[in-house]
Amino acid sequence: MEKIEKVLASGDTHATVNRDPNVKPGALDLKLSGPGVESMEFLAADLHPRAEQLFSGAWAGCYITNFGRVAAMKKVTLPSDYSVDIDVSIGSAGGGYCLGAEFTVRVPGLATEVVEELAQLTHQNCPYSKAVHGNIEISMNIVTV
């Protein structure tokens, strides 16, 4: 596995469970940040996010769904405000390019060891995590406060 030597671009996401009964399944609302811009909102007519942002968004949605399933399977009750941030970076390595990802899993009120176990089990179940396993560098931050 190659490690990024120099980050060229990065896309990060923040995912939460949507409990709004008025939102239709499949609704797309992208609020992204970009270089030199604090935040921007992309509407269906003007979608131009970077690939890293799209990949991190898709991965975060898949990962947080599987995190909830793994927690239920382990009979762990999650707080309503748990979340996952994924920052996907593309960078140079040797003569080519590679990806890296940094996860921040926030589960207020649970023991760090419990969240770490859930996070690792989720990586074993999430299709995106399985697809990149052993191919990119992934770091994990656990926040329980």
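The values are calculated or read from the model by the stated rules, or taken from the named source; none is laboratory data. It should be emphasised that the depicted structure is a prediction, and the values quoted were computed from it without experimental measurement. Heads up, the Cβs are rebuilt from the backbone with ideal geometry, glycines too, and the neighbour counts pull from every protein chain shown.
A few comments on the model shown:
- Criterion applied to SER56, SER89 was being more than 25 Å from ASP20 (Cα to Cα) and not acidic (Asp, Glu), and the one residue passing it is SER89.
- Criterion violated by THR104 - all others in (1) over 10 Å from ILE142 (Cβ atoms); (2) surrounded by fewer than 19 Cβ atoms within 10 Å (Cβ to Cβ); (3) under 15 Å from the mean Cα position of the chain (by Cα) satisfied: (1)
- With respect to (1) part of a strand (DSSP E or B); (2) surrounded by 14 or more Cβ atoms within 10 Å (Cβ to Cβ), the lone exception for ASN141 is condition (2).
- Tallying residues that are in contact with a helix residue (DSSP H, G or I) (Cβ under 9 Å, 6 or more places away or on another chain), farther than 16 Å from ASN141 by Cα and among the hydrophobic types (A, V, I, L, M, F, W, C) within region 77-93 yields 2.
- Close pairs (6 angstrom Cβ cut-off, 6 or more residues apart or separate chains): over 30 Å from LEU8 (Cβ atoms) and crowded, with 16+ Cβ neighbours inside 10 Å in region 72-89, aliphatic (A, V, I, L, M) and modelled with pLDDT of 90 or more anywhere: LEU78/ALA71; TYR82/VAL107
- Filter pass, GLY109 being at pLDDT below 90, at positive phi, surrounded by fewer than 16 Cβ atoms within 10 Å (Cβ to Cβ) and out of contact with any helix residue (DSSP H, G or I) (no Cβ under 6 Å at 6 or more places or on another chain): no
- Residue list for region 108-135, filter: outside any helix (DSSP H, G or I) and either under 12 Å from the mean Cα position of the chain (by Cα) or within 24 Å of SER10 (Cα to Cα) (or both): CYS126, HIS133, GLY134, ASN135
- Some residue of region 65-79 being at pLDDT below 85 and part of a helix (DSSP H, G or I): no
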